[in-house]
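Notes to accompany the following structure.
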Number of protein chains: 2
Amino acid sequence: MLAAARAAFAERGFDGATIRGIATAAGVDPALVHHYFGSKDQLFLAAIEAPADPAELLPELLAGGPDRLGEGVVRTLLTVWDGPGQAAGLALVRSAIGNEWGARLLREFLATQVLRRVIRSLDHPPAEAELRAALAASQLVGLVVGRYVLKIEPLASAAPEWLVAAVGPTVQRYLTGEVALPG
Amino acid sequence: MLAAARAAFAERGFDGATIRGIATAAGVDPALVHHYFGSKDQLFLAAIEAPADPAELLPELLAGGPDRLGEGVVRTLLTVWDGPGQAAGLALVRSAIGNEWGARLLREFLATQVLRRVIRSLDHPPAEAELRAALAASQLVGLVVGRYVLKIEPLASAAPEWLVAAVGPTVQRYLTGEVALPG
């Protein structure tokens, strides 16, 4: 079931894939997929072996209000990566950079499980929301790759709270601040 | 010679490796290494198959003055990556994420060939300069990985000048703006 799910999510994206289609491809009843994995979100997280469930982490972050989103996102990201989620996170990043399927799965994870939920709490028009989410993703991906993969010093050994203070304002500007819009 | 150079740069870093040591490891005369590659900088660029020579690109960028560094760095990066340097850049990034040697070589490239030269044009104390350079690296690495590897939209198809306007201010703040310093 998980192999069929990975294939479907990589080929059609999270929104395009259906539990019914995945069940058919795996030769099982859709009810069985629901029974084992619950929602499509949870099946997706299991299929990509996500380091954490954003649906559990985001409500607290969003409760801080729109002006604390930047530091909240950076703090939550560092908490997951400095904790037991690091191994799964590294595997996800390595697979994303090693092959096109992996890239699509990580992109779908960031877009549908993390950034869509963060950006929906704000009031941007859809096209602007996409731009802002992608800019925030560029900083968050760079923080993860720089700190945990390339291990650039002093990024790699910096205290999380310093990184929250230094990088949080960047993510905040991308999400709610002044950003040039194209054309 | 290039294999010996890669090994030396990965093991000792750019500053620690010497042309003499590399020549000895390759069983050749140091004069031969100088003859083929010129300076240690050029040997390093050849050994890692760098997508561009920062020593050629940076003077023009630095001539714009400290207040235009952020957008200048982003513009130069995008020019290299949107041009013929992309294949070599992707190979460098993939190798950096795939193995520890590759990570060290990319880290040394960013630190000694790019960021050290940019940050030296400013007047920061050494510890602060390192912090600022690492923060700038986190955004630049994320921009490259997001646009060219993960291909996150609309980052992947955005016009370079829009990205310069949107991401440039982040790099500018990291290099010269207000940034929390640790402890």
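Quick notes
- Taking 0.36 nm per residue of separation and subtracting the Cα-Cα distance, full extension of the segment from residue B:79 to residue B:32 would add 13.5 nm.
- With contacts taken as Cα pairs under 8 Å and at least 6 residues apart, region A:28-183 reaches a relative contact order of 31 percent.
- Once the convex hull of all Cα atoms in region A:94-183 is built, its volume per residue stands at 119 Å³.
- Pair-distance distribution P(r) for the protein assembly as shown, from all Cα-Cα distances in 10 Å bins starting at 0: 5, 23, 31, 23, 11, 5, 1, 0 percent.
- Potential lengthening between residue B:151 and residue B:2 on full extension [0.36 nm per residue; Cα-Cα distance subtracted]: 50.5 nm
- Mean ellipticity per residue at 222 nm, deg cm²/dmol - from DSSP H runs of n ≥ 4 across the protein assembly as shown, formula -39500 (n - 2.57): -21000 deg cm²/dmol
- Oblate is the label for region A:1-47, because a/c, from the alpha-carbon gyration tensor with a ≥ b ≥ c as root eigenvalues, is 1.5 or above and a/b does not exceed b/c.
- With label points defined 7 Å past Cα in the direction of Cβ, position residue A:101 shows copy-to-copy spacings of 2.8 nm, given to one decimal and shortest first.
- The alpha carbon centroids of region A:85-146 and region B:109-183 are separated by 19 Å.
- Springs between Cα atoms under 10 Å define the GNM used for chain B, and in it the highest mean-square fluctuation of B:125, B:59, B:160 occurs at B:125.
- Estimated FRET transfer efficiency when R0 is 41 angstrom, pair residue B:99-residue B:162 (beta carbons, to 0.05): 0.75
- Averaged over peptide B:96-104, the number of partner chain Cβ atoms lying within 10 Å of each residue's Cβ comes to 3.
- Dmax and Rg, reported as Rg then Dmax, of region A:43-119 (C-alpha, Å): 12.6, 37
- Among A:106, A:143, A:122, the largest mean-square fluctuation in a Gaussian network model of chain A, built with springs joining Cα atoms closer than 10 Å, belongs to A:122.
- Closest approach to the axis carrying B onto A, counted by Cβ on chain B and given in whole Å with its residue, is B:142, 1.
- For residue B:161, inter-copy separations between label points set 7 Å beyond Cα along the Cβ vector come to 4.5 nm, shortest first.
- Of the peptides B:2-12, A:71-81, the order by per-residue mean of other Cβ atoms within 10 Å, starting with the highest, comes out as A:71-81, B:2-12.
- Multiplying each eigenvalue of the alpha-carbon gyration tensor of chain B by 5 and taking the square root yields semi-axes of 29, 19, 15 Å, largest first, rounded to whole angstroms.
- Sorted from nearest, the other copies put their residue B:67 label points 2.9 nm away, the label point being 7 Å from Cα in the direction of Cβ.
None of the figures in this text is laboratory data; all of them are computed from the coordinates on show. Please read all numbers here as calculations on a predicted model, not as lab measurements. Cβ sites come from the backbone with ideal geometry, for glycine too, and all protein chains shown count toward neighbours.
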